[in-house]
Amino acid sequence: SDAICNFVICNDSSLRSQPIIFNPDFFVEKLRHEKPEVFTELVVSNITRLIDLPGAELAQLMGEEDPKLPGANSTASGFFRSLMSLKRKEKGVVFGSPLTEEGIAQVSQLIEYLHKNLRAEGLFRVPGNSIRQQILKDALNSGTDIDLDSGEFHSNDVATLLKMFLGELPEPLLTHKHFHAHLKIADLTLFDEKGNKTSTPDKERQIEALQLLFLILPAPNRSLLKLLLDLLYQTAKKQDKNKMSAHNLALMFAPHILWPRNVTANDLQENITKLNNGVTFMIKHSQKLFKAPVYIRECARLHYLGSRAHTSKDDLDLLTCSGSKELQPLKSQKRSRLDSCHQETQQRTEEALKELFHHVHNMPDSAKKKKLIRQFNKHPTALTPGSDVPTSPAPRRTRSRSFSGLIKRKVLGTPIILERKSRDTTPEPVRVSKENVQLLQKCGSPAHMSQAKLKSLEGQKEGSCRRMRARLLSKDSSSL
(Lines give C-alpha, C1' and ligand atoms only; values in the text may rest on other atoms or scores of the structure.)
Protein backbone atom coordinates (compact mmCIF):
# COMPACT_ATOMS: atom_id res chain seq x y z
CA SER A 1 0.00 0.00 0.00
CA ASP A 2 1.30 3.38 -0.97
CA ALA A 3 1.74 6.01 1.69
CA ILE A 4 -0.36 9.07 0.95
CA CYS A 5 0.45 12.44 2.46
CA ASN A 6 -2.38 14.97 2.57
CA PHE A 7 -1.95 18.68 3.19
CA VAL A 8 -4.94 20.32 4.83
CA ILE A 9 -5.36 24.06 5.38
CA CYS A 10 -7.52 24.55 8.44
CA ASN A 11 -8.89 27.90 9.51
CA ASP A 12 -10.37 26.60 12.77
CA SER A 13 -8.67 28.51 15.60
CA SER A 14 -9.39 25.71 18.09
CA LEU A 15 -7.21 23.27 16.13
CA ARG A 16 -4.23 25.57 15.53
CA SER A 17 -2.80 24.77 18.96
CA GLN A 18 -2.53 21.07 18.07
CA PRO A 19 1.00 19.77 17.39
CA ILE A 20 1.97 19.43 13.74
CA ILE A 21 3.25 15.99 12.75
CA PHE A 22 6.11 16.24 10.27
CA ASN A 23 7.94 13.28 8.76
CA PRO A 24 11.59 14.26 8.15
CA ASP A 25 11.97 11.30 5.76
CA PHE A 26 8.99 12.34 3.61
CA PHE A 27 11.08 13.25 0.55
CA VAL A 28 13.25 10.15 1.08
CA GLU A 29 10.20 7.89 0.91
CA LYS A 30 8.83 9.90 -2.02
CA LEU A 31 12.06 9.45 -3.97
CA ARG A 32 12.22 5.74 -3.10
CA HIS A 33 8.65 5.21 -4.34
CA GLU A 34 8.69 7.38 -7.46
CA LYS A 35 12.27 6.93 -8.70
CA PRO A 36 13.71 3.72 -7.21
CA GLU A 37 16.69 3.60 -9.60
CA VAL A 38 17.82 7.12 -8.69
CA PHE A 39 17.28 6.37 -5.00
CA THR A 40 19.25 3.11 -5.10
CA GLU A 41 22.17 4.75 -6.92
CA LEU A 42 22.26 7.56 -4.35
CA VAL A 43 22.28 5.17 -1.38
CA VAL A 44 24.73 2.63 -2.81
CA SER A 45 27.22 5.36 -3.76
CA ASN A 46 27.32 6.37 -0.08
CA ILE A 47 27.57 2.76 1.10
CA THR A 48 30.68 2.23 -1.02
CA ARG A 49 32.14 5.35 0.59
CA LEU A 50 32.01 3.62 3.99
CA ILE A 51 32.84 0.01 3.16
CA ASP A 52 35.01 -1.53 0.47
CA LEU A 53 32.94 -3.71 -1.85
CA PRO A 54 34.74 -5.38 -4.79
CA GLY A 55 33.05 -5.52 -8.17
CA ALA A 56 31.34 -8.89 -7.64
CA GLU A 57 30.01 -8.03 -4.18
CA LEU A 58 28.81 -4.62 -5.40
CA ALA A 59 26.99 -6.28 -8.29
CA GLN A 60 25.37 -8.68 -5.82
CA LEU A 61 24.27 -5.80 -3.62
CA MET A 62 22.73 -4.05 -6.64
CA GLY A 63 20.95 -7.26 -7.63
CA GLU A 64 22.84 -7.51 -10.93
CA GLU A 65 24.35 -10.91 -10.04
CA ASP A 66 23.20 -13.85 -7.96
CA PRO A 67 24.80 -13.78 -4.50
CA LYS A 68 27.66 -16.21 -3.94
CA LEU A 69 27.18 -17.51 -0.41
CA PRO A 70 29.45 -19.68 1.76
CA GLY A 71 28.82 -23.42 1.57
CA ALA A 72 26.84 -23.19 -1.65
CA ASN A 73 28.88 -25.97 -3.33
CA SER A 74 29.21 -28.39 -0.44
CA THR A 75 27.41 -31.76 -0.52
CA ALA A 76 26.07 -31.39 3.02
CA SER A 77 24.42 -28.09 2.27
CA GLY A 78 22.97 -29.53 -0.95
CA PHE A 79 21.36 -32.39 1.00
CA PHE A 80 20.09 -29.89 3.59
CA ARG A 81 18.57 -27.74 0.83
CA SER A 82 16.73 -30.68 -0.69
CA LEU A 83 15.39 -31.66 2.71
CA MET A 84 14.11 -28.16 3.37
CA SER A 85 12.51 -27.98 -0.09
CA LEU A 86 10.53 -31.14 0.71
CA LYS A 87 9.26 -29.54 3.88
CA ARG A 88 8.13 -26.45 1.96
CA LYS A 89 6.14 -28.18 -0.73
CA GLU A 90 2.95 -27.61 1.18
CA LYS A 91 3.18 -23.87 1.76
CA GLY A 92 0.64 -22.03 3.80
CA VAL A 93 -0.59 -18.50 3.45
CA VAL A 94 1.99 -17.13 5.88
CA PHE A 95 4.59 -19.72 6.91
CA GLY A 96 7.07 -20.73 4.23
CA SER A 97 5.85 -18.12 1.75
CA PRO A 98 7.71 -15.03 0.53
CA LEU A 99 7.26 -12.07 2.82
CA THR A 100 4.20 -9.94 2.06
CA GLU A 101 2.27 -7.20 3.80
CA GLU A 102 -0.50 -9.70 4.53
CA GLY A 103 1.96 -12.01 6.26
CA ILE A 104 3.34 -9.09 8.29
CA ALA A 105 -0.19 -8.20 9.39
CA GLN A 106 -0.69 -11.75 10.71
CA VAL A 107 2.69 -11.97 12.44
CA SER A 108 2.31 -8.52 13.97
CA GLN A 109 -0.30 -10.07 16.28
CA LEU A 110 2.46 -12.20 17.81
CA ILE A 111 4.73 -9.18 18.22
CA GLU A 112 2.02 -7.12 19.91
CA TYR A 113 1.29 -9.96 22.35
CA LEU A 114 4.99 -10.40 23.22
CA HIS A 115 5.30 -6.67 23.97
CA LYS A 116 2.83 -7.27 26.82
CA ASN A 117 4.71 -10.31 28.16
CA LEU A 118 8.39 -9.38 28.17
CA ARG A 119 8.97 -10.47 31.76
CA ALA A 120 8.79 -14.20 31.06
CA GLU A 121 12.11 -15.79 32.02
CA GLY A 122 14.03 -17.31 29.13
CA LEU A 123 11.85 -15.65 26.50
CA PHE A 124 12.84 -16.84 22.99
CA ARG A 125 15.17 -19.43 24.56
CA VAL A 126 12.75 -21.75 26.35
CA PRO A 127 10.65 -23.69 23.79
CA GLY A 128 6.89 -23.77 24.12
CA ASN A 129 4.35 -26.53 23.70
CA SER A 130 4.47 -28.04 20.20
CA ILE A 131 0.73 -28.86 20.08
CA ARG A 132 -0.32 -25.32 20.97
CA GLN A 133 2.21 -23.96 18.48
CA GLN A 134 0.73 -26.07 15.68
CA ILE A 135 -2.78 -24.87 16.52
CA LEU A 136 -1.61 -21.27 16.46
CA LYS A 137 0.31 -21.79 13.21
CA ASP A 138 -2.74 -23.24 11.46
CA ALA A 139 -4.84 -20.34 12.65
CA LEU A 140 -2.35 -17.83 11.25
CA ASN A 141 -2.15 -19.67 7.92
CA SER A 142 -5.92 -19.72 7.57
CA GLY A 143 -6.16 -16.01 8.31
CA THR A 144 -8.60 -16.38 11.20
CA ASP A 145 -8.68 -13.93 14.09
CA ILE A 146 -6.79 -15.10 17.16
CA ASP A 147 -7.44 -14.05 20.73
CA LEU A 148 -3.99 -14.40 22.26
CA ASP A 149 -5.12 -12.74 25.50
CA SER A 150 -7.58 -15.54 26.24
CA GLY A 151 -4.91 -17.47 28.16
CA GLU A 152 -4.94 -20.47 25.81
CA PHE A 153 -1.37 -19.80 24.64
CA HIS A 154 1.79 -19.13 26.62
CA SER A 155 4.31 -16.41 25.81
CA ASN A 156 6.96 -19.08 25.08
CA ASP A 157 4.61 -20.61 22.49
CA VAL A 158 4.25 -17.27 20.74
CA ALA A 159 8.00 -16.49 20.90
CA THR A 160 8.96 -19.88 19.45
CA LEU A 161 6.39 -19.51 16.68
CA LEU A 162 7.83 -16.11 15.75
CA LYS A 163 11.28 -17.63 15.35
CA MET A 164 9.75 -20.46 13.32
CA PHE A 165 8.13 -17.96 10.96
CA LEU A 166 11.44 -16.15 10.38
CA GLY A 167 13.31 -19.44 9.89
CA GLU A 168 10.87 -20.68 7.22
CA LEU A 169 11.15 -17.61 5.01
CA PRO A 170 12.67 -18.43 1.58
CA GLU A 171 15.59 -16.10 2.37
CA PRO A 172 16.73 -14.37 5.57
CA LEU A 173 15.04 -11.16 6.60
CA LEU A 174 18.17 -9.15 5.72
CA THR A 175 18.30 -10.89 2.28
CA HIS A 176 21.10 -12.86 0.68
CA LYS A 177 22.44 -10.03 -1.45
CA HIS A 178 23.19 -7.93 1.66
CA PHE A 179 25.17 -10.70 3.37
CA HIS A 180 28.67 -9.58 2.33
CA ALA A 181 27.88 -5.95 3.16
CA HIS A 182 27.01 -6.93 6.75
CA LEU A 183 30.32 -8.75 7.08
CA LYS A 184 32.16 -5.61 5.94
CA ILE A 185 30.19 -3.41 8.34
CA ALA A 186 31.22 -5.66 11.25
CA ASP A 187 34.89 -4.98 10.31
CA LEU A 188 34.58 -1.18 10.57
CA THR A 189 37.01 -0.09 13.30
CA LEU A 190 38.63 3.11 14.45
CA PHE A 191 42.07 4.31 13.34
CA ASP A 192 44.86 5.51 15.59
CA GLU A 193 46.87 8.72 15.17
CA LYS A 194 49.21 7.04 12.69
CA GLY A 195 46.35 5.86 10.50
CA ASN A 196 46.51 2.21 11.52
CA LYS A 197 43.37 0.18 12.22
CA THR A 198 42.58 -0.68 15.82
CA SER A 199 40.34 -3.34 17.34
CA THR A 200 37.83 -0.75 18.60
CA PRO A 201 34.61 -0.76 16.56
CA ASP A 202 33.71 2.49 14.82
CA LYS A 203 30.13 2.77 16.06
CA GLU A 204 29.28 5.95 14.19
CA ARG A 205 30.30 4.53 10.82
CA GLN A 206 28.57 1.24 11.57
CA ILE A 207 25.31 3.03 12.39
CA GLU A 208 25.55 5.15 9.24
CA ALA A 209 26.28 2.11 7.06
CA LEU A 210 23.34 0.16 8.54
CA GLN A 211 21.05 3.15 8.03
CA LEU A 212 21.98 3.21 4.35
CA LEU A 213 21.74 -0.56 3.96
CA PHE A 214 18.28 -0.68 5.55
CA LEU A 215 17.09 2.01 3.11
CA ILE A 216 17.48 -0.31 0.14
CA LEU A 217 15.82 -3.32 1.77
CA PRO A 218 12.51 -4.39 0.23
CA ALA A 219 9.61 -2.58 1.88
CA PRO A 220 8.11 -5.68 3.60
CA ASN A 221 11.51 -6.76 4.93
CA ARG A 222 12.22 -3.31 6.29
CA SER A 223 8.80 -3.07 7.97
CA LEU A 224 9.09 -6.43 9.72
CA LEU A 225 12.73 -5.81 10.66
CA LYS A 226 11.76 -2.57 12.38
CA LEU A 227 9.00 -4.33 14.36
CA LEU A 228 11.31 -7.20 15.30
CA LEU A 229 14.31 -5.11 16.40
CA ASP A 230 12.08 -2.85 18.45
CA LEU A 231 10.67 -5.93 20.22
CA LEU A 232 14.16 -7.30 20.91
CA TYR A 233 15.31 -3.88 22.13
CA GLN A 234 12.45 -3.72 24.64
CA THR A 235 13.14 -7.33 25.66
CA ALA A 236 16.81 -6.55 26.37
CA LYS A 237 15.80 -3.57 28.50
CA LYS A 238 14.03 -5.99 30.85
CA GLN A 239 16.87 -8.49 31.03
CA ASP A 240 16.81 -8.29 34.84
CA LYS A 241 13.45 -10.11 34.67
CA ASN A 242 13.67 -12.32 31.57
CA LYS A 243 17.44 -13.01 31.75
CA MET A 244 17.79 -12.24 28.03
CA SER A 245 20.48 -9.71 27.12
CA ALA A 246 21.04 -8.27 23.66
CA HIS A 247 23.81 -10.80 23.01
CA ASN A 248 21.62 -13.74 24.09
CA LEU A 249 18.83 -12.52 21.79
CA ALA A 250 21.32 -12.18 18.94
CA LEU A 251 22.35 -15.83 19.36
CA MET A 252 18.68 -16.81 19.01
CA PHE A 253 17.85 -14.65 15.97
CA ALA A 254 21.07 -14.34 13.92
CA PRO A 255 20.53 -17.72 12.18
CA HIS A 256 17.00 -16.64 11.18
CA ILE A 257 17.50 -13.04 10.02
CA LEU A 258 21.13 -12.90 8.82
CA TRP A 259 22.61 -16.33 8.16
CA PRO A 260 22.24 -17.54 4.57
CA ARG A 261 19.66 -20.24 4.11
CA ASN A 262 20.65 -23.91 4.04
CA VAL A 263 24.13 -23.46 5.54
CA THR A 264 25.62 -24.97 8.64
CA ALA A 265 27.91 -23.55 11.28
CA ASN A 266 30.88 -25.24 9.60
CA ASP A 267 30.16 -23.34 6.38
CA LEU A 268 30.37 -19.98 8.13
CA GLN A 269 33.35 -20.87 10.36
CA GLU A 270 35.02 -17.62 11.46
CA ASN A 271 32.12 -15.42 10.34
CA ILE A 272 29.76 -16.67 13.05
CA THR A 273 31.21 -14.30 15.64
CA LYS A 274 30.95 -11.36 13.26
CA LEU A 275 27.34 -12.16 12.41
CA ASN A 276 26.29 -12.60 16.04
CA ASN A 277 28.04 -9.38 17.08
CA GLY A 278 26.39 -7.60 14.17
CA VAL A 279 22.91 -8.62 15.30
CA THR A 280 23.79 -7.61 18.87
CA PHE A 281 24.78 -4.18 17.58
CA MET A 282 21.50 -3.87 15.66
CA ILE A 283 19.47 -4.66 18.78
CA LYS A 284 21.32 -2.15 20.96
CA HIS A 285 21.08 0.69 18.41
CA SER A 286 17.73 -0.20 16.82
CA GLN A 287 16.23 3.19 17.67
CA LYS A 288 18.72 4.94 15.34
CA LEU A 289 18.93 2.57 12.40
CA PHE A 290 15.66 3.42 10.66
CA LYS A 291 16.36 7.11 10.19
CA ALA A 292 17.84 8.27 6.92
CA PRO A 293 21.16 10.15 7.24
CA VAL A 294 20.92 13.92 7.04
CA TYR A 295 22.67 14.18 3.68
CA ILE A 296 20.27 11.64 2.14
CA ARG A 297 17.32 13.71 3.38
CA GLU A 298 18.86 16.87 1.93
CA CYS A 299 19.57 15.25 -1.44
CA ALA A 300 16.01 13.93 -1.64
CA ARG A 301 14.58 17.32 -0.64
CA LEU A 302 16.68 19.19 -3.20
CA HIS A 303 15.67 16.67 -5.85
CA TYR A 304 12.07 17.89 -5.55
CA LEU A 305 12.45 21.46 -4.30
CA GLY A 306 15.76 22.47 -5.88
CA SER A 307 14.11 23.84 -9.02
CA ARG A 308 10.67 24.79 -10.24
CA ALA A 309 10.80 22.02 -12.81
CA HIS A 310 10.53 19.42 -10.05
CA THR A 311 7.32 20.85 -8.64
CA SER A 312 4.60 18.22 -8.84
CA LYS A 313 1.04 18.76 -9.96
CA ASP A 314 -0.25 18.26 -6.42
CA ASP A 315 2.00 21.05 -5.17
CA LEU A 316 0.73 23.37 -7.91
CA ASP A 317 -2.89 22.50 -7.11
CA LEU A 318 -2.21 23.18 -3.45
CA LEU A 319 -0.76 26.59 -4.21
CA THR A 320 -3.65 27.56 -6.49
CA CYS A 321 -6.33 26.33 -4.08
CA SER A 322 -4.79 28.08 -1.11
CA GLY A 323 -4.02 31.34 -2.93
CA SER A 324 -5.97 33.37 -0.43
CA LYS A 325 -5.01 36.45 1.49
CA GLU A 326 -3.58 34.31 4.29
CA LEU A 327 -0.69 33.23 2.05
CA GLN A 328 0.24 36.76 1.02
CA PRO A 329 2.01 37.60 4.32
CA LEU A 330 3.95 34.34 4.03
CA LYS A 331 5.11 35.28 0.53
CA SER A 332 6.15 38.76 1.64
CA GLN A 333 8.03 37.32 4.61
CA LYS A 334 9.79 34.86 2.34
CA ARG A 335 10.79 37.63 -0.07
CA SER A 336 12.08 39.79 2.77
CA ARG A 337 14.13 36.87 4.09
CA LEU A 338 15.55 36.27 0.63
CA ASP A 339 16.41 39.95 0.25
CA SER A 340 18.10 40.05 3.64
CA CYS A 341 20.06 36.89 2.84
CA HIS A 342 21.13 38.42 -0.47
CA GLN A 343 22.27 41.61 1.26
CA GLU A 344 24.22 39.67 3.87
CA THR A 345 25.89 37.59 1.19
CA GLN A 346 26.80 40.71 -0.78
CA GLN A 347 28.26 42.37 2.33
CA ARG A 348 30.37 39.32 3.12
CA THR A 349 31.59 39.20 -0.46
CA GLU A 350 32.59 42.86 -0.36
CA GLU A 351 34.42 42.38 2.93
CA ALA A 352 36.28 39.39 1.54
CA LEU A 353 37.22 41.39 -1.57
CA LYS A 354 38.52 44.21 0.59
CA GLU A 355 40.72 41.86 2.56
CA LEU A 356 41.99 40.29 -0.65
CA PHE A 357 42.65 43.72 -2.21
CA HIS A 358 44.68 44.93 0.81
CA HIS A 359 46.54 41.65 1.04
CA VAL A 360 47.65 41.87 -2.58
CA HIS A 361 48.85 45.47 -2.22
CA ASN A 362 50.79 44.60 0.95
CA MET A 363 52.63 41.77 -0.79
CA PRO A 364 56.30 42.33 -1.65
CA ASP A 365 57.10 43.18 -5.21
CA SER A 366 57.16 40.03 -7.30
CA ALA A 367 55.88 38.59 -10.54
CA LYS A 368 52.94 37.04 -8.70
CA LYS A 369 51.91 40.43 -7.28
CA LYS A 370 52.08 42.02 -10.71
CA LYS A 371 49.94 39.23 -12.14
CA LEU A 372 47.30 39.69 -9.42
CA ILE A 373 47.26 43.45 -9.92
CA ARG A 374 46.74 42.93 -13.65
CA GLN A 375 43.75 40.74 -12.83
CA PHE A 376 42.37 43.47 -10.59
CA ASN A 377 42.83 46.00 -13.37
CA LYS A 378 41.00 43.79 -15.84
CA HIS A 379 37.91 43.72 -13.60
CA PRO A 380 38.13 46.93 -11.57
CA THR A 381 34.41 47.17 -10.85
CA ALA A 382 34.08 43.58 -9.68
CA LEU A 383 37.35 43.16 -7.75
CA THR A 384 38.11 46.57 -6.34
CA PRO A 385 36.44 47.00 -2.95
CA GLY A 386 34.02 49.81 -2.47
CA SER A 387 33.19 50.10 -6.14
CA ASP A 388 29.69 50.92 -7.24
CA VAL A 389 27.52 48.92 -9.54
CA PRO A 390 29.35 48.62 -12.86
CA THR A 391 27.95 50.88 -15.51
CA SER A 392 28.32 50.57 -19.23
CA PRO A 393 31.45 52.41 -20.42
CA ALA A 394 31.00 55.57 -22.49
CA PRO A 395 31.50 55.02 -26.22
CA ARG A 396 34.93 56.00 -27.46
CA ARG A 397 35.05 59.02 -29.72
CA THR A 398 36.38 58.18 -33.14
CA ARG A 399 39.33 60.42 -33.86
CA SER A 400 39.58 62.02 -37.29
CA ARG A 401 42.90 63.63 -38.22
CA SER A 402 41.65 65.00 -41.54
CA PHE A 403 40.73 68.66 -42.09
CA SER A 404 37.20 67.71 -43.15
CA GLY A 405 36.73 65.72 -39.95
CA LEU A 406 37.63 68.79 -37.88
CA ILE A 407 35.03 70.83 -39.77
CA LYS A 408 32.39 68.13 -39.22
CA ARG A 409 33.07 68.03 -35.47
CA LYS A 410 32.76 71.83 -35.25
CA VAL A 411 29.53 71.85 -37.25
CA LEU A 412 27.75 68.80 -35.80
CA GLY A 413 29.27 68.75 -32.30
CA THR A 414 29.44 64.87 -32.21
CA PRO A 415 31.56 62.38 -34.14
CA ILE A 416 30.05 60.65 -37.11
CA ILE A 417 29.88 56.90 -36.64
CA LEU A 418 29.58 54.94 -39.80
CA GLU A 419 27.03 52.19 -39.33
CA ARG A 420 26.95 49.13 -41.45
CA LYS A 421 23.67 48.21 -43.01
CA SER A 422 21.96 45.52 -41.03
CA ARG A 423 20.96 42.31 -42.70
CA ASP A 424 17.65 42.35 -40.87
CA THR A 425 14.58 43.33 -42.78
CA THR A 426 13.22 45.38 -39.89
CA PRO A 427 13.11 49.09 -40.68
CA GLU A 428 15.38 51.41 -38.70
CA PRO A 429 13.70 53.79 -36.27
CA VAL A 430 13.24 57.33 -37.54
CA ARG A 431 15.61 59.78 -35.84
CA VAL A 432 14.10 63.16 -35.12
CA SER A 433 16.50 66.00 -34.42
CA LYS A 434 16.03 68.63 -31.73
CA GLU A 435 15.04 71.31 -34.26
CA ASN A 436 12.43 69.02 -35.80
CA VAL A 437 10.99 68.29 -32.38
CA GLN A 438 10.60 72.00 -31.70
CA LEU A 439 8.98 72.51 -35.06
CA LEU A 440 6.67 69.56 -34.47
CA GLN A 441 5.60 70.97 -31.13
CA LYS A 442 4.72 74.24 -32.85
CA CYS A 443 2.93 72.66 -35.77
CA GLY A 444 1.19 69.89 -33.94
CA SER A 445 1.39 66.10 -34.22
CA PRO A 446 3.00 64.51 -37.31
CA ALA A 447 -0.36 63.11 -38.32
CA HIS A 448 -1.65 66.63 -39.05
CA MET A 449 1.39 67.64 -41.16
CA SER A 450 1.73 66.98 -44.86
CA GLN A 451 4.76 65.37 -46.45
CA ALA A 452 5.50 68.57 -48.40
CA LYS A 453 5.78 70.60 -45.21
CA LEU A 454 8.19 68.02 -43.70
CA LYS A 455 10.35 68.12 -46.82
CA SER A 456 10.47 71.93 -46.69
CA LEU A 457 11.60 71.79 -43.06
CA GLU A 458 14.39 69.38 -43.91
CA GLY A 459 15.43 71.56 -46.82
CA GLN A 460 15.65 74.61 -44.59
CA LYS A 461 17.85 72.68 -42.18
CA GLU A 462 20.22 71.47 -44.91
CA GLY A 463 20.54 75.03 -46.30
CA SER A 464 21.50 76.43 -42.92
CA CYS A 465 24.10 73.66 -42.48
CA ARG A 466 25.65 74.46 -45.90
CA ARG A 467 25.88 78.19 -45.12
CA MET A 468 27.54 77.45 -41.75
CA ARG A 469 30.08 75.16 -43.37
CA ALA A 470 30.95 77.79 -46.02
CA ARG A 471 31.58 80.37 -43.31
CA LEU A 472 33.86 78.02 -41.39
CA LEU A 473 35.77 77.13 -44.52
CA SER A 474 36.33 80.77 -45.37
CA LYS A 475 37.56 81.47 -41.84
CA ASP A 476 39.94 78.54 -41.85
CA SER A 477 41.33 79.40 -45.29
CA SER A 478 41.95 83.04 -44.28
CA SER A 479 43.76 81.89 -41.12
CA LEU A 480 45.95 79.62 -43.19
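The values are calculated or read from the model by the stated rules, or taken from the named source; none is laboratory data. What you see is a predicted model; the values in this text were computed from it and never measured. All accessible areas refer to the heavy atoms of the entire protein, side chains included, with ligands and DNA or RNA removed. Shrake-Rupley method; radii C 1.70, N 1.55, O 1.52, S 1.80 Å.
Between the amide H of Leu190 and those of Thr198, Thr200, Asp202, distances stay under 5 Å, these residues lying 5 or more places away or on another chain, with hydrogens modeled in the peptide plane.
Once all protein chains are placed together, Ile131 keeps about 120 Å² accessible to a 1.4 angstrom probe.
Which entries in the list Lys237/Lys284; Lys243/Lys284; Lys35/Lys184; Lys203/Lys284 go over 18 Å, if you measure between the two C-alpha atoms of each? Exceeds cut-off: Lys35/Lys184. Surface calculation, 1.4 Å probe, protein heavy atoms: Glu112 sits at approximately 120 Å² accessible. Using only alpha-carbon positions in region 95-288, the gyration tensor eigenvalues give semi-axes of 31, 18, 15 Å once each is multiplied by 5 and square-rooted (largest first).
Could you order Thr273, Thr189 so the one with the most accessible surface comes first? Probe is 1.4 Å. Walk me through the numbers before you get to the answer.
Values: Thr273 90, Thr189 20 Å².
Accessible-area ranking of Thr273, Thr189, largest first: Thr273, Thr189.
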